[in-house]
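Please read the structure below before turning to the comments.
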Amino acid sequence: GREARPPPPIHPLKSGAPLQGDEARVYELVTRRFLACCACDALGFETTVDIEMAGEQFSSRGLMVRELNYLKVWKWERWSARKIPSYYLGEQFEPTALHLHEGHTSPPSPLSEAELIGMMDEQGIGTDATIAQHIKKTLDRGYVEKRVPNNTFHPLPLSRILLDSYTRMPQAFDLGVPHLRAEMERDMGKVCSGQMTRQECVDKTVDMMRGLYRHASVNSRCLHAAAAAILARPDASSWAPQRLSDGSRPSCGKCQGLMDLRVRPQGGGGGGGGGGG
């Protein structure tokens, strides 16, 4: 195949002094990013201290910043020095104070596009030229949706069914984890560098996917069970019937028959609505 070279990076060509508002902010973002890429790495020293106290494990870190370098330009990333005392391996000490703070964990927030791109880059999935295509395919195929106003990604029933069915299968089924795609990306990189032929790359990928397909076909009942669980119709018989704001009942947009409008109780599950003509 033909090597698809990534497009050149966006970079400033002239002064943005006449720009205002959002245009000025976009220009500043592009310019600062370009200058930060041209700057040297930031330099610092980090110390990690692991402490055992009454059988409990504690950890603390200290950071000494030597040179900010690109951080002087890229103001959206910060290093802050954190001072801790000097320790040596095996040292014993008596703490000056003990404080117990109550807290709780919370689920992670949905991924933004920038966070998703960063995770894909960490896992080795896609290039500058293909990451946007990968994301677009997941949207076009109905696996996820992007919701406003924060432009975060949320899974749709199709992706939840597939991932749930994978976990139900009796043996390890890795189609839902990122390392498979990352391995394919690495193999394609080897083709570009001459370490692997195109046919070898294709044969390896086809063999891998053929095995996964056969495993999924034999265990298709897991897919049916996941779909039944996620798409289960809720029992709305106990939900309170309601009327529209004008006191009327809603009508079906297809047959024009009257429909029942029911409201899910607080803390209940499933969807709502139903009716007939």
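A few points about this structure:
- Phi angles across the range 45-58 convert, under the Karplus curve 6.51 cos²θ - 1.76 cosθ + 1.60 with θ = phi - 60°, into 3J(HN,Hα) values of 10, 10, 10, 10, 10, 9, 10, 10, 9, 6, x, 9, 9, 10 Hz, Gly and Pro given as x.
- Other residues with beta-carbon under 11 Å from the beta-carbon of ARG82 carry, at +1 per Lys or Arg and -1 per Asp or Glu, a net charge of +1.
- For the listed residue pairs LYS14/LYS190; LYS137/LYS190; LYS72/LYS137; LYS72/LYS146, the alpha carbons are over 29 angstrom apart in LYS14/LYS190; LYS72/LYS137; LYS72/LYS146.
- Surface per residue (accessible, 1.4 Å probe) for the chain, Å²: 79 Å²
- Computed over neighbours whose Cβ is under 14 Å from that of SER159, the net charge equals +1, Lys and Arg +1, Asp and Glu -1.
- Both the radius of gyration and Dmax for the range 1-85 are 20.4, 64 Å, in that order, over alpha-carbon atoms.
- Within the shell defined by Cβ-Cβ distances under 13 Å, the residues around GLU28 carry a net charge of +2, with Lys and Arg each +1 and Asp and Glu each -1.
- Plainly put, the range 156-277 has a radius of gyration that is 1.26 times its Kirkwood radius, both from alpha-carbon atoms, as the Rg/Rh ratio.
- Amide H within-cut-off set for VAL263, under 5 Å, with H built and near neighbours excluded: ALA240, GLN242
- Extending 7 Å from Cα along the Cβ direction at GLU91 and again at THR167 yields two label points whose distance is 4.4 nm.
- THR31, THR138, THR197, ranked by accessible area, largest first (probe 1.4 Å): THR197, THR138, THR31
- Portion, in percent, of the accessible area of the chain that falls on carbon or sulfur, probe 1.4 Å: 54 percent
- Rounded tilt (10° steps) of 113-123 against the dominant C-alpha axis of the chain: 70 degrees
- Farthest positive-ward along the range 36-166 dipole, Cα basis, beta-carbon charges - from PHE45, GLY142, PRO108: GLY142
- Projected over all directions and averaged, the alpha-carbon convex hull of the chain occupies 28.6 nm².
The values are calculated or read from the model by the stated rules, or taken from the named source; none is laboratory data. As the structure is a computational prediction, the values presented were derived from the model and not from experiment. Backbone-built Cβ (ideal geometry, glycine too); neighbour counts: all protein chains shown. Please note that ligands, DNA and RNA were not included when accessible areas were found on the heavy atoms of the full protein model with its side chains. Shrake-Rupley method; radii C 1.70, N 1.55, O 1.52, S 1.80 Å.
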